[in-house]
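J.: Structure below; questions to follow.
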Amino acid sequence: MPNMTMTKTPMPEQKPDVRNHNFEEVALGYTEEMAVGEAQRCLNCKNKPCVTGCPVMVPIPEFIAHVANREFEEAYQVLTKATSLPAVCGRVCPQETQCESKCVRGIKGEPVGIGRLERFVADWHMANSKEAPKKPQQNGHKVAVIGAGPASLTCAGDLANMGYEVTVYEALHTAGGVLMYGIPQFRLPKEIVQKEIDGLRAKGVTILTDMVIGKVLTLDELFADGFEAIFIGSGAGLPNFMHIPGEGLVGTYSANEFLTRVNLMKAYRPEYDTPILRPKNAAIVGGGNVAMDAARTAKRLGSEHVYIVYRRSEAEMPARAEEIHHAKEEGIEFRLLTNPVAIHGDESGKVCSIECVEMELGEPDASGRRRPIEKQGSNFELPVDCAIIAIGNSPNPLIPANTSGLEVNRRGCIVADEETMATSLPGVYAAGDAVSGAATVILAMGGGKKAAKSIDEYIKSKNA
Amino acid sequence: MFQIVQKKRLNDSMTQMRVQAPYVAKKAQAGQFIILRVNEYGERIPLTIADYDREAGTVDIIFQKVGKTTLLLDTLEEGDSILDFIGPLGKASELEGYHYAAVIGGGAGCAIAYPQAKALHALGAKVDMIAGFRSQDIIILEDEMKAASDQLYLMTDDGSNGHKGFVTDALKQNIEAGAKYDLVVAIGPLPMMKAVCNLTKEYGIKTIISMNSIMIDGTGMCGGCRVTVGGETKFACVDGPDFDGHLVDFDEVMKRAKTYAELERESTREFNCRLMQQAEQ
Ligand SMILES: Cc1cc2nc3c(=O)[nH]c(=O)nc-3n(C[C@H](O)[C@H](O)[C@H](O)COP(=O)(O)OP(=O)(O)OC[C@H]3O[C@@H](n4cnc5c(N)ncnc54)[C@H](O)[C@@H]3O)c2cc1C
Ligand SMILES: Cc1cc2nc3c(=O)[nH]c(=O)nc-3n(C[C@H](O)[C@H](O)[C@H](O)COP(=O)(O)OP(=O)(O)OC[C@H]3O[C@@H](n4cnc5c(N)ncnc54)[C@H](O)[C@@H]3O)c2cc1C
Ligand code: SF4
Ligand code: SF4
Ligand code: FES
């Protein structure tokens, strides 16, 4: 008999007024009992509507059925056929617009907690499985993978499983991409990402850090080194600024810099040397996941008032619903329909306030979202000593600028075929944020998967 | 891990290291830099590639001990290793097509300016090198700078070497005396570079400066190294470090350079205390 409770089994969480002072994970995860109970809410629908909402087509009812039967390892085996980073996806996928948005249980009541179950299964496997990953039989062909974010890790993992000798080249000193430098510890513990990376190494993938491709080595040199194909998963790491007065002041950060100092460079831990300003009051400009992460991080560094300044209304916010909810619980103050026009500094050049203007929503624009219009004369100032700009990231131009013939579009995204992920250069494939512009972890992984398949076909046909 | 194969004290505050880094050595060009991290807990700091040997696979860095990281780096000896050593980063200096250049270095900036003088010289330009130091006893790289230029002018703030004055004094004197420079390269403390630019603007001489912003990744990801150049936001790590000095908003840069000054002073003080304690034990 299915469990007909209308609501999801609640996720155990740290209390808001406790967790906003520490960097431990907010959501604590289901117990076995909770997971089984939630799994029993799934109706095992024949037509599997939920699967159509998942970019990598996780066989959702199958893995959930195993959970309901307490076959957790079997559930994991089903999951990993579709996603190589289930512990990550279960935590950070925007489920409410993907898999869970299509779940029939969501018509009357809440959908099945697919993400929560995915996380449970992955965590259970990490804690309980003693089986070391096997090193696949090698086929003697070499592939180079640029970047070590989710797109690259997925592509590298799939290729290694097929027997390729894979070398990953990462610019930073740590592999993981945004999972390591962007998304905070309290949402995605770095130990989990590290375990996934260790798993890849165990499969025989070589990961070289400190390698800025385009500078240290070019694509031509990689081909000359005997790599038969190259995958580019260099992400969208170039921070956009607003070009308003005051962006050069001390205390104005890009969200990337702020988050990198805290996550990658561990500024929140005393044993690390990384300096960071600990703002008394901070304004974060933007309404996406990046803005929520920066705001919640500022709070944890001790800020009294943390404002989210966003020019549209909450309905238009691109952040995951769960993150907005968590941010509010933690005391983040939302200043919606508000647009910054200038950041002001004191005589020493330090930020002392952010000047904003109120907005109202007009007609829908090309993206279908209602366009915000300025209310004349509604300017006001928020007293802050830190302004963090989180209005989006673009693909980094470093690789295209140093690779002749690699086509990019107007927005700087690498042009790749939607199905094969082939770029304008033979033997070169690309996916993830470098191709789509800033998107999601699961889309990056989906692209990396497609590229691995195409690379395999390309190398086979070349050697046929 | 990147092994230190040679270490040389240049003066009380400056050290030269030769580091085994074949990938960097293979590609390095004048004007480029590396980013290093001494150990797991360390900061990432940028240092200019002062010299390189492609055959031996080594890269030379010259650094001034100003704070925690450079002091920590200085505790490493020959045979020890640096955890991360990333490069070559930044654009190579564009030095082709000039006839007569003045290359100006201020203090530690001489370590960055001297490879540029060397490169200009190798490209066939006539080079005057003007180097400024606080006093005679801290002059570094004198032989190297002499070899890389046609004429070397060594200035000291206190006149202890017999040539009292700032680098701008020497530059002005040369220009007034008829030196037809078609390029000035100025590298050193921000106030010095700003003063040189103000002077060369008057004479309409193209001036390149090397921007020593605070950096993290060095790949254009964090935006921390941004500078306003000609009204546009540029990232020193990928668009520079060289910029047209007449277009740089120095006042903004000078304020930003002090972002962590208080925090850095504190961590340097703690570090020095620990070094002293260790020495006492
Ligand atoms: C703060 C933040 C929060 C987010 N939250 C979520 C979320 O909750 N859910 C979600 O689904 N998505 C989220 N995203 C988006 C998601 O993280 C990205 O869409 C995803 O990481 C893209 O993966 P990728 O592999 O394409 O690139 P990235 O993760 O960006 O990785 C690219 C890697 O390539 C490296 N690289 C770049 N250039 C070079 C080079 N020249 N040579 C070598 N290496 C290079 C980079 O250093 C980096 O490690 C968030 C993003 C940010 C910044
Ligand atoms: C492209 C580039 C090339 C450089 N090349 C060299 C070089 O060849 N030799 C060399 O000695 N230095 C060079 N620098 C400067 C060097 O990076 C800094 O001295 C170093 O980061 C200081 O680190 P620290 O932890 O020892 O000192 P900190 O404790 O960080 O700082 C001590 C003091 O120095 C100031 N400071 C910090 N960072 C910088 C900086 N980037 N520029 C100027 N002042 C700073 C601080 O405000 C503080 O007052 C270069 C900088 C850049 C951006
Ligand atoms: S991978 Fe993401 S979208 Fe797909 S089922 Fe899992 S949580 Fe849902
Ligand atoms: S739609 Fe919902 S109830 Fe149906 S199979 Fe998918 S998860 Fe289960
Ligand atoms: S150092 Fe991060 S963008 Fe330049």
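J.: Within the stretch A:306-332, which residues are touching a residue at least 60 places away in the same chain (Cβ under 8 Å) and within 13 Å of A:R296 (Cβ to Cβ)?
T.: Passing the criteria: A:Y307, A:R320, A:E322, A:E323, A:H326, A:E329, A:E330, A:G331.
J.: Taking only the stretch A:151-175 into account, find how many residues are farther than 21 Å from A:L219 by Cα and within 17 Å of the chain's Cα centre (by Cα).
T.: Residues that pass the stated criteria total 1.
J.: Would the stretch A:440-457 turn up any residue that is within 20 Å of A:E170 (Cα to Cα) and part of a strand (DSSP E or B)?
T.: Checked against the condition, which is being within 20 Å of A:E170 (Cα to Cα) and part of a strand (DSSP E or B), the stretch A:440-457 yields no hits at all.
J.: A:G109: among the small types (G, A, S) and part of a loop (DSSP other than H, G, I, E, B), yes or no?
T.: yes
J.: Among (1) under 26 Å from the mean Cα position of the chain (by Cα); (2) surrounded by 18 or more Cβ atoms within 10 Å (Cβ to Cβ), which single condition is A:M34 missing?
T.: Exception for A:M34: condition (1).
J.: Tell me, yes or no, whether the stretch B:87-104 has at least one residue that is within 9 Å of ligand 2 (Cβ to nearest atom), in contact (Cβ under 8 Å) with a residue 60 or more places away in the chain and surrounded by fewer than 22 Cβ atoms within 10 Å (Cβ to Cβ).
T.: No - not one qualifying residue is present in the stretch B:87-104.
J.: Now for a different question. Just the residues that are in contact (Cβ under 8 Å) with a residue 40 or more places away in the chain and among the hydrophobic types (A, V, I, L, M, F, W, C), please, taken from the stretch A:272-291.
T.: A:L277, A:A282, A:A283, A:I284, A:V285, A:V290, A:A291
J.: Checking A:I343 against (1) buried (at least 24 other Cβ atoms within 10 Å of the Cβ); (2) within 22 Å of the chain's Cα centre (by Cα), which test does it fail?
T.: It is condition (2) that A:I343 fails.
J.: Also, quick follow-up: For A:G214, which of the numbered conditions (1) surrounded by fewer than 24 Cβ atoms within 10 Å (Cβ to Cβ); (2) small (G, A, S); (3) more than 22 Å from A:T403 (Cα to Cα) fails to hold?
T.: Answer for A:G214: the failing condition is (3).
J.: So, in the stretch A:122-154, exactly how many residues are surrounded by 21 or more Cβ atoms within 10 Å (Cβ to Cβ) and among the hydrophobic types (A, V, I, L, M, F, W, C)?
T.: Residues flagged as surrounded by 21 or more Cβ atoms within 10 Å (Cβ to Cβ) and among the hydrophobic types (A, V, I, L, M, F, W, C) within the stretch A:122-154 amount to 8.
J.: Right, next: Scan (1) more than 9 Å from chain B (Cβ to nearest Cβ); (2) under 27 Å from A:A315 (Cβ atoms); (3) among the small types (G, A, S) for the single condition A:G246 breaks and write down its number.
T.: It fails just one condition, (2).
J.: If you check B:V238 against the conditions, is it within 10 Å of chain A (Cβ to nearest Cβ), aliphatic (A, V, I, L, M), under 17 Å from the mean Cα position of the chain (by Cα) and buried (at least 21 other Cβ atoms within 10 Å of the Cβ)?
T.: Yes.
Readers should treat all values here as calculations from the given coordinates under stated rules, not as data from a laboratory. Since this is a predicted model, take the numbers as computed values, not measurements. Please note: Cβ atoms are built from the backbone with ideal geometry, for glycine as well, and neighbour counts cover all protein chains shown.
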